[in-house]
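Contents: one structure, followed by commentary.
The values are calculated or read from the model by the stated rules, or taken from the named source; none is laboratory data. Please read these numbers as outputs of a predicted model, since none were measured by experiment. Here the Cβ is made from the backbone with ideal geometry for all residues, glycine too, and neighbour counts use every protein chain on show. Protein only, heavy atoms only, side chains kept; ligands, DNA and RNA dropped before computing areas. Shrake-Rupley method; radii C 1.70, N 1.55, O 1.52, S 1.80 Å.
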Amino acid sequence: MRLPFGKNPSYSINYYSKMLIIILICIFLINCVVSVITISITRQQSIDYIENTFNLYLRDTQKRLNAIDHFMIWTVKNEPLIGDIEDAQGVDEFSTSLSNFRTRVNDFQYSTGKEYQFFLALKKENLFFNSSPIKINYSDYLKMKKTLMSETKTLNNYENIKTWQSLKLNKKFYLYHLIEYQNRVFICLVSVDDILSPLQDIKLGKNGSIIMEQDKYVFLSNSNPVHLLEKEEPGTLFNSHLFFDEEDTSLPFSLHVTVDHFGAFEKVILAQLTIITATIFISLILFLMLLYIKKKVISPVHAFSKNLADINNNNGIIDFETSSIKELEEANVQFRGLISEIKKLKVNIYEQEIEKNKIQMDFMKLQIKPHFYLNCLTTIYSMAQMKMYNEIIEMSSSTAKYFRYLFQTNQDFVKLEKELEHINDYLAIQKLVHGPAFLFERFIEPDIDQAKIPPLVIQTFIENTVRYSVSLDDEMSIFISIYHVNMNNNKFIKITIKDTGPGFPPDILDKLQNNIPLTNRKGNHIGINNVVQRLRLLYGGEFLINFSNDPDGGARIMLMIPYLMYEE
């Protein structure tokens, strides 16, 4: 026998609809958070990659410019090939000296790159010529020559070194470095586009740009990128502005880098936005479907359920036309007649079950009453034969109390206190019969004797123990404990009865543990069968009974019933 501890909960369709909406909202929010985090991580990785790449390139450019500075200083002061040009006599000698000098410069260009162009001017000889291959057109060459030589008209006996300066030729920006020493002027010219050319392969997005700045607010770029740079604010989700200051890089220029993350990582961002949009779209469709189902299905089902409840409660005429589902309307009409018939049937069955249970309980009580009554009369008769008058008085008094309780117990439950007093009267009778052949001990939890219990349940098990275990040869102990236990938020009375006798025979114990009736033609063990049947009728499945033998010997009976207080 098992106690029912809890059932699986059930919920309405409306509950599951709300749960589905909550799950969709959670999925949408999680998707949005994951997408934002993914975009943020991608954005930060892009920024880190660009910063590292630019810093690496700027360090390399710094080394190149430093190498050019050292080369130009040494060349303008110490290069003997320039002296050969100055001392050349005739066109052939001048041409040879110039060719040798250009070869020297070309050799140096292998370490810096061909984009760095070199020019040499001799003021005394009023000569200006290129020392490396020219990458600018002739008109720009003449304009550059005029601009630079206008600053070095006079002969100087000192060294004049200009830092890298900017120059604009035909809407194109250049940086130049000029070193003037006595009669010599050595110039290096490089296009801003050539300096920034290695950085053009970096993905900056459709609207990304690189702008060079010199002398603060002098931008070496056309007006459109500069206008966008001055207009946009840094730090947006899809745009970043990086600044590489010349003070930090030790270069003669600063760089402004605008990164268009949306353009650079358009596919990644579009994929995330597509997922978010799809989630919103699917959630919207499911929400509309739920609204439609609620209107067309759930609401009619609720109305149908309400109609059934009203019919079951005899609330009179029901409005069946409120349902929008024809089948439900027809079912309502059919259920009204069906439930009326079911009610009549339930009443008849209920009355029959009550009568049946009453007959069964009365029968079981009648089975119990004559059993002990005859034994007591036999014992008193034996005492009278042996002229044991004091024992007869005590036996008659105890027997009278015992049977007065027995015949007055017509209800299904009695107070546990009265049941324990009845057991004491029973044991007093048995001690007169058996003498000191057994000891009785008990533990009763305080205040638990006010609970209610079916009558004669404990007494039947005590009687069974005395009948089959007590003998005049060996002393035996009987122990009973009664206390409450809590299981799954329910309160139960736990009753344990054990003895030190021989215990249950194996065949009897096997039947008891497997709920097999013990009654035979001789009527043996009918008391235990009656107790189990009464418990089943009174409690249904909400009780537990267990039979076992202790390892040290003796029988043990454990009974658990609901803890209910007795009301007068």
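Taken together, the criteria exclude residue 107 from residues that are acidic (Asp, Glu) and surrounded by 14 or more Cβ atoms within 10 Å (Cβ to Cβ). The numbered conditions (1) at pLDDT below 80; (2) surrounded by 13 or more Cβ atoms within 10 Å (Cβ to Cβ); (3) outside any helix (DSSP H, G or I) are all true for residue 88 except (1). For segment 398-407, the condition holds for at least one residue, the condition being that it is among the basic types (Lys, Arg) and touching a residue at least 24 places away in the same chain (Cβ under 8 Å). Set side by side, the residues 488, 464 differ, and just one is touching a residue at least 60 places away in the same chain (Cβ under 8 Å), open to solvent by 10 Å² or more (accessible area, probe 1.4 Å), among the polar types (S, T, N, Q) and more than 14 Å from residue 427 (Cβ to Cβ), which is 488. Screening segment 405-417 for residues that are at pLDDT 80 or above and not aliphatic (A, V, I, L, M) and picking the one that is nearest to residue 565 (Cα to Cα) gives 415.
Looking at segment 548-568 only, could you name the residues that are among the charged types (D, E, K, R) and under 14 Å from residue 417 (Cα atoms)? Selection gives 567, 568. Of the residues making up segment 31-84, those that are touching a Ser or Thr at 6+ places or on another chain (Cβ under 7 Å), under 18 Å from residue 113 (Cα atoms) and surrounded by fewer than 18 Cβ atoms within 10 Å (Cβ to Cβ) number 3. Return yes or no: is residue 143 open to solvent by 20 Å² or more (accessible area, probe 1.4 Å), in a helix (DSSP H, G or I) and at pLDDT 85 or above? Yes, satisfied. Checked against (1) closer than 19 Å to residue 183 by Cβ; (2) in contact with a helix residue (DSSP H, G or I) (Cβ under 6 Å, 6 or more places away or on another chain), residue 77 meets all criteria but (2). Which condition does residue 437 not pass, out of (1) of a type in the set (Gly, Ala, Ser); (2) touching a Lys or Arg at 6+ places or on another chain (Cβ under 9 Å); (3) under 29 Å from residue 536 (Cβ atoms), if it passes all the others? Going through (1) of a type in the set (Gly, Ala, Ser); (2) touching a Lys or Arg at 6+ places or on another chain (Cβ under 9 Å); (3) under 29 Å from residue 536 (Cβ atoms) one by one, residue 437 breaks only (3). Here 168, 162 are screened, and the one residue that is at pLDDT 80 or above, open to solvent by 30 Å² or more (accessible area, probe 1.4 Å) and more than 60 Å from the chain's Cα centre (by Cα) is 168.
For the subset of segment 400-427 comprising residues that are open to solvent by less than 40 Å² (accessible area, probe 1.4 Å) and hydrophobic (A, V, I, L, M, F, W, C), which member is farthest from residue 536 (Cα to Cα)? Per the criteria, the residue is 427. Residue selection: residue 153 satisfies the criterion of being at pLDDT below 85 and among the basic types (Lys, Arg). When residue 479 is tested against (1) open to solvent by less than 50 Å² (accessible area, probe 1.4 Å); (2) more than 16 Å from residue 531 (Cβ to Cβ), only condition (1) is not met. Total residues in segment 8-36 satisfying the condition of being at pLDDT 80 or above and either touching a Pro at 6+ places or on another chain (Cβ under 8 Å) or within 30 Å of residue 255 (Cβ to Cβ) (or both): the figure is 0.
Inspect all residues belonging to segment 428-438 and state whether any of them is open to solvent by 30 Å² or more (accessible area, probe 1.4 Å) and in contact with a Leu (Cβ under 7 Å, 6 or more places away or on another chain). Yes, because at least one residue in segment 428-438 is open to solvent by 30 Å² or more (accessible area, probe 1.4 Å) and in contact with a Leu (Cβ under 7 Å, 6 or more places away or on another chain).
Each row is one residue, and each column tells you yes or no for (1) at pLDDT below 85; (2) open to solvent by 40 Å² or more (accessible area, probe 1.4 Å).
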position: 496; (1), (2): no, no
position: 514; (1), (2): no, yes
position: 518; (1), (2): yes, no
position: 523; (1), (2): yes, no
position: 528; (1), (2): yes, no
position: 533; (1), (2): yes, yes
position: 544; (1), (2): no, yes
position: 547; (1), (2): no, no
